[in-house]
1. Could you please find all residues in the range 269-292 being more than 29 Å from residue 358 (Cα to Cα) and within 16 Å of the ligand (Cβ to nearest atom)?
2. Of the residues in the range 189-205, how many are buried (at least 19 other Cβ atoms within 10 Å of the Cβ) and under 19 Å from residue 231 (Cβ atoms)?
3. Considering only residues that are part of a loop (DSSP other than H, G, I, E, B) and more than 10 Å from the ligand (Cβ to nearest atom), look in the range 293-312 and name the one that is surrounded by the fewest Cβ atoms within 10 Å (Cβ to Cβ).
4. Do we have residue 21 as modelled with pLDDT of 95 or more and out of contact with any strand residue (DSSP E or B) (no Cβ under 9 Å at 6 or more places or on another chain) here?
5. Is it the case that residue 285 is within 19 Å of the chain's Cα centre (by Cα), without any contact (Cβ under 8 Å) to a residue 24 or more places away in the chain, closer than 19 Å to residue 209 by Cβ and assigned to a helix (DSSP H, G or I)?
6. What number of residues within the range 43-71 satisfy the criterion of being in contact with a helix residue (DSSP H, G or I) (Cβ under 8 Å, 6 or more places away or on another chain) and under 21 Å from residue 333 (Cβ atoms)?
7. Any residue at all in the range 206-225 that is at pLDDT 95 or above, more than 16 Å from the ligand (Cβ to nearest atom) and closer than 10 Å to residue 155 by Cα?
8. How about the range 152-166: which of its residues are farther than 20 Å from residue 240 by Cα and either in the same structural domain as residue 240 (by TED's automatic domain parsing) or in contact with a helix residue (DSSP H, G or I) (Cβ under 7 Å, 6 or more places away or on another chain) (or both)?
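The values are calculated or read from the model by the stated rules, or taken from the named source; none is laboratory data. Model, not experiment: these values are computed from the prediction. Every residue, glycine among them, receives a Cβ derived from its backbone with ideal geometry; neighbour counts consider all protein chains shown.
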Ligand code: SF4
């Protein structure tokens, strides 16, 4: 059995580790590219969300690379995510591919079904052993997320452009080699030291921007034209509201982001007091959090046609007004061009700089 799952940011680092511990042969899909998107746009429904199209392209490329078992996360409404797996399977079968398809439903929907999916991938795997593997693998995944988070903050201060990205690659390799709990702890410290050693200019006056929005757009750099790295190179300190391990962890304490889900809901409540699917409510709540923390601005990312984020987009003007924080909304689909996005981002940064200048003058 050769197993694959869609490409999404650093998720493959977690899957590589998890499947190795389970004795499962994992096929990492080739990094998402123009071809991946072209395949997805060609075979996916026109009005499907962008992540579904990229997922289809990932699956086709992984099947070409020898995968025979596709694993997709499940879910339930109110947005379309719960249908992704079903739609993707049908499209691929209609194209004539032969494969085994497995939906991994959330742990909160039933521990037994969750376990049985893993057991089907690794026959004979006991619940006890799975639990042990998940715990250690998850600790490692969290260490990867911490590295990425710190890199977003540090890049704005780097003296030599590209140093943070190079250090991140080196730190990733240190983490990837760790196996036992003790090794993971030691590697987490060692790899963080690699990131911290980047030559920085701590006196630099940087803009602080929060990134909010739909989960996939935030996590997969290909889908947003590498926006975070581009902003970092322009000297923008970034924090992001969504991290892969925060999203997966059932207790939703958001260890990486640093603000528990309950608090995010409270902050969103004056504007939106119910779950609208995806990260719609979270986008509103985290924008309030960034505003209260004195960030210069917020950038919201969403796929074209994303229902939860469109709800948030319609609410954010009130949040901007009440909390005096500029918000830039960027929508992505397969027609979106990088140049247009860069122009809008640069204009937004100019606005933030001008605001900051006029505020300082007013003091
Ligand atoms: S959150 Fe938005 S983009 Fe993601 S599946 Fe739901 S509707 Fe589509």
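1. Those that are more than 29 Å from residue 358 (Cα to Cα) and within 16 Å of the ligand (Cβ to nearest atom): 272, 274, 275, 276, 277, 278, 279, 280, 281, 282.
2. Final tally of qualifying residues: 2.
3. The initial filter retains those residues of the range 293-312 that are part of a loop (DSSP other than H, G, I, E, B), namely 293-296, 304-306.
Right, trim to more than 10 Å from the ligand (Cβ to nearest atom) and you get 293-296.
On the way: 293: 12, 294: 8, 295: 21, 296: 22.
The extreme case among them is 294.
4. Numbers: modelled with pLDDT of 95 or more: yes; out of contact with any strand residue (DSSP E or B) (no Cβ under 9 Å at 6 or more places or on another chain): yes.
Judged against the criteria, residue 21 is a match.
5. Against the criterion (within 19 Å of the chain's Cα centre (by Cα), without any contact (Cβ under 8 Å) to a residue 24 or more places away in the chain, closer than 19 Å to residue 209 by Cβ and assigned to a helix (DSSP H, G or I)), residue 285 qualifies.
6. Here the count works out to 17.
7. No, the range 206-225 contains no residue that is at pLDDT 95 or above, more than 16 Å from the ligand (Cβ to nearest atom) and closer than 10 Å to residue 155 by Cα.
8. Within the range 152-166, just 161 meets the criteria.
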